[in-house]
Amino acid sequence: MQKHFKRLIDITSTLKRKSVFVLGPRQTGKSTWLKEAYPKSLFINLLDIEVLREINRDSKTLELKILSYLKKSQDKFPLIIIDEIQKMPELLNLVHKMIEEHKTIRFILTGSSARKLKRSGINLLGGRAGQFVMRPLTLEEVAESDYGFEELMQYGGLPSIVLSESPKEDLKDYIQIYLYQEIKEEGLVRNFSNFDRFLSFAATTNGEQINYTSLGNDAQLSPRTVQDYYQILEDTLIGIRLRPYSPKVTSRKLSALDKFYFFDVGVANYLRDFRMSPLLNEQRGKALEHLVFCELWSFVSYASAADWKLFYWRTHTKLEVDFILENGALLYAIEVKYGRKPLKNKIHGLLSFHDEFNHSKPIVICDTNLAFTENKISYMNIIDFKKFLWSLR
């Protein structure tokens, strides 16, 4: 299996104009990618305890190191990468100062928690830096490797898991070392046992509408606490809210509730005890939908310049479409169904959406061997859909 992957995130055009934040959960490959993409940069690793101690002993240390690098650099835009900036958010003051004093300098600031940066009260460079989020590996990014659709659906796309010879065991370690410890170290929750219980229930309802009261009752927590915990997951980039599609003109009364997905299929599978291989049929259906969400969300994130937006659609009569992908006049309605070509009554929501928005292009992702179109609906498997999706970029 190849050891490196060509990542689809592209910060090049933004970096020509200004510095950037590259955020993302731990172990999504931010540092590895940046070291390979920008080998001439000055790389400051704040996960290195010696680096932290050196900067803490003398606040001028980092500034002097950067100034020395600037004198030696022959690049038009000298580049400094500060890895895991949330470990010392006060360094943003120095970054801000140096951007003002050296117009050609560029910083790439990585982090796994925007929450701590915001809570520190330090500005996020006041618009002087663009923001990007690195996601786990997509189907498109692992296309040339031995790690395919089945593995992604079971274990997810974290690079360390993709390259692991024991993905199940390493996924467990990731949950315990990175996910749990990140929350503990950041001091984001007072009662970790309550949060741990919440995580299990949140994973069980992954991909469903958020009901704070119902989940609070199940987890024996107040609705307000559940709401705060979801916000923590979102701020630490562990989860993503999917907004409902609410066009200005519609003939139906629509749901206003958000859905919530974990950032990685494997992480969600582990937290909700989908650990057997192969997955059972019901588990495969949920994991397939989650995998499609992750692919779509990465596409929207990495093609941000094209202004793609992702939603879901649900009426008060419970007609639903899993995903709505929109870019101006382009509108794709996407339904995910485990198994072969679904019966008409299984895609009633998709048909209803297309009846109302007849310019939309309905797609059903299922286990068909060959892509085909029938009654204006495109049927395709996940691999064909992946190819189609990234061709839109």
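Laid out as a table, the results:
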read-out: Filtered residues of the stretch 45-79 (kept if in contact with a Lys or Arg (Cβ under 8 Å, 6 or more places away or on another chain) and farther than 14 Å from residue 102 by Cβ); value: 46, 47, 52
read-out: Residue count for the stretch 82-103, restricted to those that are outside any helix (DSSP H, G or I), in contact (Cβ under 8 Å) with a residue 40 or more places away in the chain and hydrophobic (A, V, I, L, M, F, W, C); value: 1
read-out: Check on residue 59, out of contact with any Asp or Glu (no Cβ under 9 Å at 6 or more places or on another chain) and either more than 30 Å from residue 155 (Cα to Cα) or of a type outside the set (Ser, Thr, Tyr) (or both); value: no
read-out: Given (1) within 25 Å of residue 174 (Cα to Cα); (2) touching a strand residue (DSSP E or B) at 6+ places or on another chain (Cβ under 7 Å), number of the condition residue 264 does not satisfy; value: (2)
read-out: Within the stretch 257-285, considering residues that are assigned to a loop (DSSP other than H, G, I, E, B) and closer than 22 Å to residue 219 by Cβ, the one modelled with the lowest pLDDT; value: 275
read-out: Check on residue 259, among the charged types (D, E, K, R), exposed (fewer than 15 other Cβ atoms within 10 Å of the Cβ) and touching an Asp or Glu at 6+ places or on another chain (Cβ under 7 Å); value: no
read-out: Wholly enclosed helices (runs of 4 or more DSSP H) of the stretch 179-241 bearing at least 3 residues touching a residue at least 12 places away in the same chain (Cβ under 8 Å); value: 192-204, 212-219, 223-235
read-out: Test: residue in the stretch 48-64 that is at pLDDT 90 or above, crowded, with 18+ Cβ neighbours inside 10 Å and under 21 Å from residue 133 (Cβ atoms); value: no
read-out: Any hit, the stretch 222-242, residues being basic (Lys, Arg), surrounded by fewer than 15 Cβ atoms within 10 Å (Cβ to Cβ), within 30 Å of residue 87 (Cα to Cα) and in contact with a strand residue (DSSP E or B) (Cβ under 8 Å, 6 or more places away or on another chain); value: yes
read-out: Pick from the stretch 296-309, criterion within 23 Å of residue 364 (Cβ to Cβ) and crowded, with 20+ Cβ neighbours inside 10 Å, ranking: farthest from the chain's Cα centre (by Cα); value: 308
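Residue-by-condition table, conditions (1) over 25 Å from the mean Cα position of the chain (by Cα); (2) of a type in the set (Ser, Thr, Tyr); (3) part of a helix (DSSP H, G or I):
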| position | (1), (2), (3) |
| --- | --- |
| 15 | no, no, yes |
| 32 | no, yes, yes |
| 44 | no, no, no |
| 55 | yes, no, yes |
| 63 | yes, no, yes |
| 76 | yes, no, no |
| 80 | no, no, no |
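The values are calculated or read from the model by the stated rules, or taken from the named source; none is laboratory data. Computed from a predicted model, the values in this text were never measured in an experiment. With ideal geometry, Cβ positions are generated from the backbone for all residues, glycine too; neighbour counts draw on all protein chains shown.
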